[in-house]
Amino acid sequence: MTQFLLQCGWLLLPMGVANMSPVIFSSRLDVLARPIDAGRYFLGQRLFGDHKTWRGFVVGTLAGGLTFILQQVVYEIPSFEYLSLFDYRSIPSHYGFVVGFGVLFGDLVRAFFKRRLGRPPGSAWVPFDQIDYVIGGLAFSFLYFTLHWTVTLTTILLAFLLHIVASHIGFYLKIKESRW
């Protein structure tokens, strides 16, 4: 059971890094700090809001890709093979960038629906704020391989719990504005 949880966490790692990177880089790369929706409205609400920027989308996609490439490199170390649900040598390196894109896409989908419900950016919307990114990342993972339903469900639950922990840590370190 412990190995299975570690494997699901290892699968989740590029998605988690892609999801956290926009927050970490929020005060850098000002040239990309423009809202993706360019201020456009749909049904009286912003499409995504000011918090969803090109900077976050680009940084998150790159971070997911680079994390997966690092996983491919360390896969050659026998103890890291233990953490793997699949042979990392058999997956193309661009997988991580596609999954990073999926993570940010999932976040945009959640933001779109959150705006339709009239919920302001930064307000808590449990559990969707905690799992949108992993659902997007896993959806794009299916372009490369199929995961057993137990892996998918465990990875989503693990993401939910780890997101709450990471968000609280980010809030107390004054990196995030909200605990959720």
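At what distance in nm do the modelled label points of Phe128 and Arg40 sit from each other, each positioned 7 Å from its Cα along Cα→Cβ?
Reported label-point gap for Phe128 and Arg40 is 2.0 nm.
What FRET efficiency, computed as 1/(1 + (r/R0)^6) with R0 = 22 Å and r the Cβ-Cβ distance, is obtained for Tyr82 and Val109, rounded to the nearest 0.05?
It comes to 0.05.
Give me the Debye-computed log₁₀ of I(q)/I(0) at q = 0.15, 0.19 Å⁻¹ for the range 4-68, equal point scatterers on Cα only, no solvent, two decimals.
Calculated log10 I(q)/I(0) at the listed q: -0.55, -0.73.
Multiply the residue gap between Leu153 and Arg89 by 0.36 nm, knock off their C-alpha separation, and tell me the result in nm, one decimal place.
Numbers: separation 64, 0.36 × 64 = 23.04 nm, distance 2.47 nm.
Stretched fully, the Leu153-Arg89 segment lengthens by 20.6 nm.
With a 10 Å Cβ neighbour count serving as the proxy for reagent exposure, in which order, fewest first, do Tyr144, Tyr82 appear? Could you put the intermediate results ahead of the total?
Values: Tyr144 14, Tyr82 11.
Least to most surrounded, the residues fall as Tyr82, Tyr144.
Principal axis extents for the range 59-180, Cα atoms only, whole Å, descending order, please.
Principal extents (largest minus smallest coordinate, Cα): 46, 30, 28 Å.
Take each complete run of DSSP H in the chain, measure how far its Cα atoms stretch along the helix's own axis, and keep only those covering 18 Å or more with mean Kyte-Doolittle hydropathy at least 1.0; list them.
Those that clear 18 Å and a mean of 1.0 are 2-24, 54-74, 149-172.
Could you give the length gained on full extension between Glu177 and Phe142, defined as 0.36 nm per residue of separation minus the Cα-Cα distance, in nm? Present the calculation step by step, with values, prior to reporting the outcome.
On the way: separation 35, 0.36 × 35 = 12.60 nm, distance 3.31 nm.
Gain on stretching Glu177 to Phe142: 9.3 nm.
For labels at Leu32 and Asp50 in the simple 7 Å Cα→Cβ model, what's the distance in nm?
So the two model labels end up 2.1 nm from each other.
Can you tell me the dipole magnitude for the chain around its Cα centre, using point charges on the Cβ only (Lys, Arg +1; Asp, Glu -1), in Debye to the nearest 20? Display every interim value, and only then the final one.
Values: 15 positive and 10 negative charges, 156 e Å.
So the dipole magnitude of the chain works out to roughly 740 debye.
Going toward the positive end of the dipole of the chain, with +1 on Lys and Arg Cβ and -1 on Asp and Glu Cβ, which of Leu162, Thr67, Leu143 do you reach last?
It is Leu162, whose Cα lies furthest towards the positive end.
May I ask which residue of Trp10, Leu117, His94 lies farthest towards the positive end of the charge dipole of the chain, with charges of +1 (Lys, Arg) and -1 (Asp, Glu) on Cβ and the Cα centre as origin?
Looking along the dipole axis, the top candidate is Leu117.
Given springs between every Cα pair under 10 Å in a Gaussian network model of the chain, which of Asp30, Asp132, Asp107 has the largest fluctuation?
Asp30
I'd like the per residue volume of the convex hull spanned by the Cα atoms of the range 90-133, given in cubic angstrom. Working shown, then result.
Working: hull volume 2.8 nm³, N = 44.
Dividing the Cα hull volume of the range 90-133 by its residue count gives 64 Å³.
Please build a GNM for the chain, connecting alpha carbons under 10 Å apart, and tell me which residue among Phe57, Phe105, Phe86 fluctuates the most.
Checking each option, the largest mean-square fluctuation is seen for Phe86.
Taking only Cα atoms and a 10 Å spring cutoff, compute GNM fluctuations for the chain and point out the largest among Gly65, Gly118, Gly16.
The residue that fluctuates most here is Gly118.
What is the distance in Å between the Cα centroid of the range 135-180 and that of the range 34-110?
If you average the Cα positions of each part, the centres end up 12 Å apart.
Every number in this text was worked out from the coordinates using simple rules, so none of it is lab data. Just so it is clear, the structure is predicted and the values come from calculations on it, not from any experiment. Every residue, glycine among them, receives a Cβ derived from its backbone with ideal geometry; neighbour counts consider all protein chains shown.
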